[in-house]
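*Asks:* Below: one structure in structure tokens.
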Amino acid sequence: MGVTQFLENWKPAFFLQRVEEAARKMRPHPTLAAIAGAMLLPLAVPYLTHPQSTNEGSGRDIPVLQSTCLITAHVRRLVEFYEPLLNRKANWSGEIYAEFPTRTGVLAIFSAAAQEKYIPGSAEPAANRSVILQFRVADVDAEYRRLQPLVKTWVKPPTTQPWGTRSIYLRDPDGNLVDFYSPVPVPK
């Protein structure tokens, strides 16, 4: 297995994205790229395993949530909603799949027709009423003002919650519940 294949299979999405961006800009000779990859591999090792991915007591790996995938009949519409919401362009793979890498995982958007083709009967698009997509942001009130032209369905305006966060709740075009939140500073 080559260094590139190893890194593609084992590193978090954000690290892969940074390597891919650098590779696109550099366009080095394949031999030089392999040598550079081998030299950089020891630096990548700490990022290959999430710090909470093993259960010290049992010695067994604990699953690490890497991605949340929204199944939709309208991939482009949902991507066009999440791009300004998350302040970033989606990474597309054909017309049926797009993803938004974040610091801790990936929000993926996948075609309902493709899902039905690959895993029949497994998902129903736009029928979620039990999951909240939560994104930590720096300033909830600023995000609320910024998102006014984009969001059609607000569930709750900026509110300080009893558990110590300030949140806004909204629905995406498929009805998925989204929470932008910030921890509330503790008074000294």
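Only the coordinates and a few stated rules stand behind these numbers; no lab work does. Nothing here was measured: the structure is a model prediction, and the numbers come from that model. Methodologically, a virtual Cβ is constructed for each residue, glycine included, from the backbone with ideal geometry; neighbour enumeration extends over all protein chains shown.
*Asks:* With the cut-off at 20 Å, report for the range 74-188 the share of all Cα pairs above it, as a whole percent. Don't skip to the end; give the middle numbers.
*Replies:* Values: 3053 of 6555 pairs.
Result: 47 percent of Cα pairs exceed 20 Å.
*Asks:* By average Cβ neighbour count within 10 Å, what is the ranking of 104-112, 152-160 from highest down?
*Replies:* Packing order, densest peptide first, comes out as 104-112, 152-160.
*Asks:* When the convex hull of the C-alpha atoms of the range 65-127 is computed, what volume per residue in Å³ does it have?
*Replies:* On the way: hull volume 5.7 nm³, N = 63.
Enclosed volume per residue, from the Cα hull, is 90 Å³.
*Asks:* Sorted by average packing, counted as other Cβ atoms within 10 angstrom per residue and highest first, what order do 165-171, 132-138 take?
*Replies:* Numbers: 165-171: 19.3, 132-138: 13.7.
The packing order, highest mean first, is 165-171, 132-138.
*Asks:* Go through the range 71-180 and name the GluC sites (Glu not before Pro) that are in a DSSP coil and have 14 or fewer other Cβ atoms within 10 Å of their Cβ.
*Replies:* Glu95
*Asks:* Continuing with the same structure: Karplus couplings for the range 96-102 from phi (6.51 cos²θ - 1.76 cosθ + 1.60, θ = phi - 60°), rounded to Hz, Gly and Pro as x?
*Replies:* 9, 8, 9, 9, 10, x, 10
*Asks:* Can you tell me the length gained on complete extension of the stretch Glu116 to Ser130, counting 0.36 nm per residue apart and subtracting the Cα distance?
*Replies:* Between Glu116 and Ser130, full extension yields 2.9 nm more.
*Asks:* Positive end of the dipole of the range 65-127, charges at C-beta (+1 Lys, Arg; -1 Asp, Glu), about the Cα centre: which of Gln66, Tyr97, Ala123 has its Cα farthest in that direction?
*Replies:* Going by the charge dipole, the pick is Gln66.
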